Amino acid sequence: CGDGGNDCGALRKAHCGVALSAAEASAVAPFTARNKSVCDVVTVLKEGRCALQTSLSCYKFLVLYGLLFSVLKICSFWFGVLMCQMAYIMIDGVAVLGLSYVMSVVGPRDRLAKDNRPTSALLGSITVWSLLGMWIIDLAFLAGALSFIQNAPNYIRFPTEYSNGFEWWTLSDNWEASTLFAVIYAQFVTGAVVFSFGYEFRQSVFKSLPVLVLGLILFGFTLFLILSPSNAATRLFHMATENYNAAGTVSPAWKGYQEAGNPPSDISMGVETRGGLAALVIANAIALILWQKCVVEGPLGRALRIRFPAKRPLVGS
């Protein structure tokens with residue numbers, strides 16, 4: 001920092017120059033102290049470290065989104081199903097855009113962290129372990145949820161062979177599409193909240209009301225779709241609470257299934273199955289929180305920072 005013309009060279013050479021006056025120094029420094037005090041240097045450091053960690057958090061969220069969405073498409077092809085249009089709107093229009101924005105407005109902590117700086121490596125040990133661990137946990141719970149519904153007493157695998165491929169909107173009338181949407185959507189929401197934890201450089205997520213409130217609303221809405229009986233919302237999202245294999249069904253795949261000699265039956269997801277699925281979704285969220293707080297920000301994270309310290313260029317290099 002500096003306040004005169006003789007400081008201009010140092011301000012230009014520094015990684016981050018702070019001018020303490022509105023004179024010559026302010027013309028070369030990227031920041032000008034409003035209160036003309038060296039205390040504003042601490043403010044710049046807090047804001048800068050917060051911005052760096054926020055950028056890495058948004059980066060990890062979008063990478064997790066891509067990884068989970070690739071798994072979603074693979075499972076959809078495997079079962080021959082497709083989520084309904086509203087599910088894609090909720091994922092891309094609400095979760096990705098909305099959560100990405102509220103994640104970016106988390107403010108810095110009131111005090112500057114000592115002897116530590118946030119990682120700036122996109123493929124650093126902390127970044128990779130945090131992301132990879134969450135993805136593995138999500139895959140395990142998704143596999144568990146699919147296995148759970150397949151063992152339900154009234155489960156019937158979606159008869160893809162009787163579907164009309166060009167009527168893609170009918171490929172969501174099944175348990176598989178409902179489970180994929182509910183579980184993966186909850187994982188998107190939980191991931192955004194977990195990546196917004198304050199740790200050392202940002203405010204606690206409990207003080208960041210936009211991300212906390214939006215995350216709770218979207219997670220609660222997901223549980224509502226899973227647990228509630230048939231209603232307008234569940235029909236809009238083609239949830240499995242509807243009986244698509246009823247007599248006189250209008251679903252082309254299930255109609256072809258019945259015309260092939262299979263009897264109509266009640267395949268609406270029961271209360272116990274829906275409760276078990278909701279419990280898996282909640283357990284998934286708890287596991288992600290514990291991974292981030294107890295492992296990434298705990299002993300493993302500290303060990304990785306010591307073993308693989310961040311390498312930053314020296315001034316003048």
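The values are calculated or read from the model by the stated rules, or taken from the named source; none is laboratory data. Predicted, not measured: the structure shown is a model, and the values here were computed from it. Virtual Cβ from ideal backbone geometry, glycine too; neighbours counted across all protein chains shown. The protein model used for the area step is the full one, side chains on, heavy atoms only, and it has no ligands, DNA or RNA in it. Shrake-Rupley method; radii C 1.70, N 1.55, O 1.52, S 1.80 Å.
Numbers below:
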{"read-out": "Enumerated helices (runs of 4 or more DSSP H) restricted to the range 74-161, each holding at least 3 residues that are free of Cβ contacts under 8 Å to residues at least 12 places away in the same chain and either crowded, with 17+ Cβ neighbours inside 10 Å or at negative phi (or both)", "value": "125-150"}
{"read-out": "Condition broken by S163, with the remaining ones in (1) within 29 Å of K293 (Cα to Cα); (2) at pLDDT below 90; (3) of a type in the set (S, T, N, Q) satisfied", "value": "(1)"}
{"read-out": "Condition check for A253: over 18 Å from P159 (Cα atoms) and either at pLDDT 90 or above or surrounded by 14 or more Cβ atoms within 10 Å (Cβ to Cβ) (or both)", "value": "no"}
{"read-out": "Hey, S178 farther than 18 Å from G144 by Cα, surrounded by 24 or more Cβ atoms within 10 Å (Cβ to Cβ) and of a type outside the set (A, V, I, L, M, F, W, C) or not", "value": "no"}
{"read-out": "The range 232-250 - residue that is farther than 13 Å from T179 by Cα and hydrophobic (A, V, I, L, M, F, W, C) and, of those, surrounded by the most Cβ atoms within 10 Å (Cβ to Cβ)", "value": "A246"}
{"read-out": "Subset of the range 162-185 (residues that are of a type in the set (G, A, S), in contact (Cβ under 8 Å) with a residue 12 or more places away in the chain and in a loop (DSSP other than H, G, I, E, B))", "value": "S163, S172"}
{"read-out": "Test result for I267, of a type outside the set (K, R), open to solvent by less than 10 Å² (accessible area, probe 1.4 Å), closer than 25 Å to W168 by Cβ and in contact with a Gly (Cβ under 9 Å, 6 or more places away or on another chain)", "value": "no"}
{"read-out": "Verdict on E167 being of a type in the set (D, E, K, R) and open to solvent by less than 30 Å² (accessible area, probe 1.4 Å)", "value": "no"}
{"read-out": "Identity of the residue in the range 187-219, under 11 Å from the mean Cα position of the chain (by Cα) and hydroxyl-bearing (S, T, Y), that ends up farthest from L288 (Cα to Cα)", "value": "S196"}
{"read-out": "All helices (runs of 4 or more DSSP H) inside the range 197-284 with 1 or more residues being closer than 30 Å to I136 by Cα and not aromatic (F, W, Y)", "value": "209-227, 232-236"}
{"read-out": "Filtered residue count, the range 186-207, keeping only those that are open to solvent by 10 Å² or more (accessible area, probe 1.4 Å) and touching a Lys or Arg at 6+ places or on another chain (Cβ under 8 Å)", "value": "4"}
{"read-out": "Hey, I226 open to solvent by 50 Å² or more (accessible area, probe 1.4 Å) and under 24 Å from L64 (Cα atoms) or not", "value": "no"}
